[in-house]
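The values are calculated or read from the model by the stated rules, or taken from the named source; none is laboratory data. Every value quoted in this text rests on a predicted model; they were computed, and no experiment measured them. Reconstructed Cβ throughout: ideal geometry from the backbone, glycine too, with neighbour counts over all protein chains shown.
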Amino acid sequence: MVSMNFIDAHCHLDFPELIGQIDAVLAAMREARVTHALTVGTNPATYPELNAMINRYPNLYGAVGLHPEEKDLPECSVEALCALAQYPKTVAIGETGLDFYHVPERAAWQKDRFRAHIRAARLVKKPLVIHTRDAAYETLAILREERADEVGGMMHCFTENRAIAEEALALNFYISFSGVVTFKNARDVHEAAKHVPLDRLLIETDSPFLTPAPHRGHFPNTPAHVVHVAEALSRLRDESLDRIARATSENFFRLFKV
Ligand SMILES: [Zn+2]
Ligand SMILES: [Zn+2]
């Protein structure tokens, strides 16, 4: 009997819904054989608290960034991001990127913030955690202009099509699938998931959001549910669950150098 292990490459364990029951969240992870999780920062001002949490648990890692949807928080300089990235167990810069869903005017402040994160990542030589929504071409253009391929990273919660995935792969990025890939109507995402090379594939929950089928709609989502994302990839790609589990774990360790 092969024992399969899974890794959640993107979640938010510092959000109140999860940190308030962190022991239960970690116990559910152990039970589901989810061995590690990357808990991703959205506000540099509270990153020291996130870092204190991950330092209590050997199987948690962190990323530091100011989320593109955070309109009202103060900006974070390249220097400040670099300083926070030196915290122990901080393996990436993000989440960062562009989100024009709620900010349809394609705001300059989002682009400036995104560029600052890429510059910080290149300075500290750590990979990027990219969030993109309704902004795929602008996101790829800035990744190219700022030479993000020097550090690479992950396209988190990938909801674009196969052509966008190919462009991100060419820029040295991994493609991370979330619960969205378990949704029946996500045809473009399914098509992309079939074609990402096995050695560039990651799985994530983005918990507390985006609970995968068959638990869709439940809140909060937790890292234990990443197994359902792996199962969806196994079905779509016609590869064994063991193969998906093994490859996505190896990819995580390679990308984040842990
Ligand atoms: Zn995101
Ligand atoms: Zn996220």
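I need a count of the residues in the range 114-135 that are in a helix (DSSP H, G or I) and within 14 Å of ligand 1 (Cβ to nearest atom).
Adding up the residues that qualify gives 2.
From PHE100, PHE158, grab the single residue that is buried (at least 22 other Cβ atoms within 10 Å of the Cβ) and either over 24 Å from ASP188 (Cα atoms) or in contact (Cβ under 8 Å) with a residue 24 or more places away in the chain (or both).
PHE158
Okay, residues lined up against (1) within 18 Å of ILE164 (Cα to Cα); (2) modelled with pLDDT under 95; (3) small (Gly, Ala, Ser); (4) away from ligand 1 (no atom under 15 Å from the Cβ):
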position: PHE177; (1), (2), (3), (4): yes, no, no, no
position: VAL196; (1), (2), (3), (4): yes, no, no, yes
position: LEU201; (1), (2), (3), (4): yes, no, no, yes
position: ARG216; (1), (2), (3), (4): no, yes, no, yes
position: ALA230; (1), (2), (3), (4): no, no, yes, yes
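In the range 1-84, which helices (runs of 4 or more DSSP H) lie fully inside it and hold 3 or more residues that are buried (at least 18 other Cβ atoms within 10 Å of the Cβ) and in contact (Cβ under 8 Å) with a residue 60 or more places away in the chain?
Of the helices (runs of 4 or more DSSP H) lying wholly inside the range 1-84, none has at least 3 residues that are buried (at least 18 other Cβ atoms within 10 Å of the Cβ) and in contact (Cβ under 8 Å) with a residue 60 or more places away in the chain.
Inside the range 166-188, can you point out the residues that are part of a helix (DSSP H, G or I) and either touching a Phe, Trp or Tyr at 6+ places or on another chain (Cβ under 9 Å) or within 19 Å of MET154 (Cα to Cα) (or both)?
Correct list: GLU166, GLU167, ALA168, LEU169, ALA170, GLY179, VAL180, VAL181, ASP188.
What pairs come out if I take residues in the range 225-251 that are part of a helix (DSSP H, G or I) and pair them with residues that are of a type in the set (S, T, N, Q) whose C-beta lies under 6 Å away, six or more apart or interchain?
Short answer, once both residue conditions are applied: HIS225/THR205; VAL226/THR205; HIS228/THR182; ALA232/THR182; LEU241/SER234; ILE244/SER234; SER249/ASN5.
With respect to the numbered conditions (1) part of a helix (DSSP H, G or I); (2) over 18 Å from HIS36 (Cα atoms), which one is the sole condition not fulfilled by GLY97?
It fails just one condition, (1).
Out of TYR61, TYR137, which single residue is among the hydroxyl-bearing types (Ser, Thr, Tyr) and in contact with a strand residue (DSSP E or B) (Cβ under 8 Å, 6 or more places away or on another chain)?
Residue meeting the stated conditions: TYR61.
So, of the residues in the range 137-165 that are part of a helix (DSSP H, G or I), more than 17 Å from TYR101 (Cα to Cα) and acidic (Asp, Glu), which turns out to be farthest from the chain's Cα centre (by Cα)?
The qualifying residue farthest from the chain's Cα centre (by Cα) is GLU145.
What about LEU84, is it within 25 Å of ASN59 (Cα to Cα), more than 16 Å from ligand 2 (Cβ to nearest atom) and not acidic (Asp, Glu)?
The answer is yes for LEU84.
Mind checking whether some residue in the range 211-224 is under 18 Å from ILE22 (Cα atoms) and without any contact (Cβ under 8 Å) to a residue 40 or more places away in the chain?
The answer is yes, given that some residue of the range 211-224 is under 18 Å from ILE22 (Cα atoms) and without any contact (Cβ under 8 Å) to a residue 40 or more places away in the chain.
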